[in-house]
Each structure stands twice: as structure tokens, then as C-alpha cells.
Amino acid sequence: MQMYRRPVHTFFCLTLTVIGIFTATTLAYANRQYAHQANGWYMYFGTHKVSERWSLHAEAQWRANQIIAKPQQLLLRAGINYHLSNWGMLTAGYCFVETWPYGKQPVKVAFPEHRIWQQFQTKSASGRWEFVNRLRMEQRFVQLPIMSDSVYVPGKPVYTNRARVLNRVSISLSKKALTDKSVYLSVYNELFINFGKNVALNIFDQNRAYVALGYVISKIGRVEAGYMNQLLFKPDGVRVESNHTLQVALFCTVPFYSNKSSK
């Protein structure tokens, strides 16, 4: 387990530092307008190996306001993974997001976003415990609504950068390790940080805090259902969404190739 200590420790310390800055920055703005609302996110995450070292990332998320009643976002993300070993993975890919007007602070009209993304992820386990740490970089091209001929339309793409830091801990509740048919508890926190040109009034884009119950499905992957609080800061520096979100997710690891050497 020695190889895991340094990346886990580094991500943990970085996250604590950013949380401190995030808290201080948030408290400094007393005039923010908070909107509390309920959403539902229904998600598929696929990691499908095509060789010993390479796999495909396939992801789809349908996000709804009022749990399921009104559309919020559609997210489609694809990527190519390179597995450094059992503990580390590099990924690069493309993501498309469509956002609709929703909730108490709606945008004027639906608009698209295109992203290029890269990430480094580590994973380790000790007994019942499992630890995942991830750093993701995103190059975003967002077409926020603008006024044109007295109507709102998606504007031209505006380029911004965003970094995301995630720390996740899971513990098996039914077995001595997170193996097939295990019931487990999982928690994570993920910070989103804007940087570079075209950043508006918020360096901190959002924070997600999550807790869920999960089950390991033999030869397929995992299924989870839980609660996430998404604290989302709008570009105007005043409006903030506090989204109380139901999350239901399937994590599928069915391979797309046959590993004959393991038979």
C-alpha cells in the first residue's frame, strides 16, 4: 500500500487547502441570493476495457429539476483511458452539455457547451475501505444566452478553464472488502475552480458533497443511489443555487475484449 500514500496525501492536503479558501471567500459575500431547489440526476458511467492497458469512457447523464418533472441538463461525455497500473489512470476526451431554463434562477434560453477534458485518477483499497482521488482539467466553450433582435439566443462560444478536485471514500458494510455482492457506503466532495481569461466574478464555480448507498453487481459493476448538495455560483457573483439532488447511477465495467491470458 506504500505506493498509494503519496497521491492520496497530496490530493487530501490540496482539497483541505482549497476548502479553506472556498469557505473564506464564500463568507466574504454577505449579499448573495440563494435559491434552494430539488433536482434528480440519472447517470450511466462506463469503463470498458479494449485491451490490458486501454479502455473507453462512456457517460450519459439526464438531469431534471423538481426531481424528474422538468429538464435541467443533458450531459454526454466520452474519453479514452490509459491504465498505468491497478492504482492509476489517465484519461482524455470530449463532453457535450445542453442546459435548459430551470428552477428559481433560470437562464433566458437553452444553450449548449462543448468541453475538452483530461484527468488523472488514483484508486487504492485497504480492507473494507476504498479511496479514489481525481484531478480533472476542462477547457470549456460555453454559449451563454445573449440578446439578438429582441430575443434571447445562444451566444458565441466563450472559452474558459476549470479544474476539478474530487476525493471519494467508500466502505463495505456487508463484507470485509469491496467485492462482488457487497453493500457499501460512499461519500465524496468535489470542488470546481475557474481560472484563466474570461473568468467572471467567481473563481469558485461550484462544490458537490455526496453520500450514497451502493451495491457491487457481479461481472457488471456497481449501482448507487444517494443525495448530493450542489452549491453552484453564477457568473454574476450574486446568485447561488443550493441544489438538493437525488442521484441514481450505474457504473458499468463490462469489457469489450476477451483477456485470453486470464482464462
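Taken together, the values in this text are just the output of simple stated rules run on the coordinates, not laboratory data. None of these values were measured; they are calculated from a predicted model. Heads up, the Cβs are rebuilt from the backbone with ideal geometry, glycines too, and the neighbour counts pull from every protein chain shown.
Side notes on the structure shown:
- Longest to shortest principal axis, alpha-carbon extents of the range 117-215, angstrom: 63, 26, 20
- Summarising the amide proton neighbourhood of Lys70: residues at separation of 5 or more, or on other chains, whose placed amide H is nearer than 5 Å comprise Asn65.
- Only aspartates and glutamates eight or more places from Lys175 in sequence, or on another chain, were considered; those with a Cα closer than 18 Å are Glu130, Glu224.
- Only helical runs count toward this figure. For the chain, summing -39,500 (n - 2.57) over DSSP H runs of n ≥ 4 and dividing by all residues gives -3500 deg cm²/dmol at 222 nm.
- Listed values for the range 106-120 are Karplus-derived 3J(HN,Hα) couplings in whole Hz (6.51 cos²θ - 1.76 cosθ + 1.60, θ = phi - 60°), namely x, 6, 6, 7, 4, 8, x, 9, 10, 10, 10, 9, 9, 8, 10, and x replaces Gly and Pro.
- Phi-based couplings in Hz for the range 203-213 (Karplus 6.51, -1.76, 1.60; Gly and Pro marked x): 6, 7, 7, 6, 9, 10, 10, 9, 9, 7, 9
- Of interest is the spacing of the C-alpha centroids, which for the range 49-94 and the range 192-235 amounts to 13 Å.
- Residues Asp205, Asp180, arranged from fewest to most other Cβ atoms within 10 angstrom of their Cβ, appear as Asp180, Asp205.
- Altogether, the Stokes-Einstein calculation at 25 °C and 0.890 mPa s, with the Kirkwood radius of the chain over Cα pairs as Rh, returns a diffusion coefficient of 123 µm²/s.
- Of all lysines in the structure, the ones whose alpha carbon falls short of 21 Å from that of Lys104, not counting any fewer than 8 places away in one chain, are Lys70, Lys234.
- For Leu173, the residues whose modelled amide H falls within less than 5 Å of its own, excluding neighbours fewer than 5 places apart on the same chain, are Val183, Tyr184, Leu185.
- Residue by residue, the range 68-74 carries 3J(HN,Hα) couplings of 8, 6, 10, x, 10, 8, 10 Hz when phi is fed to the Karplus relation 6.51 cos²θ - 1.76 cosθ + 1.60 (θ = phi - 60°); x denotes Gly or Pro.
- Residues whose placed amide H lies under 5 Å from that of Lys108, excluding near-sequence neighbours: none
- The angle between the Cα long axis of helix 2-27 and the longest principal axis of the Cα atoms of the chain comes to about 20 degrees, rounded to the nearest 10.
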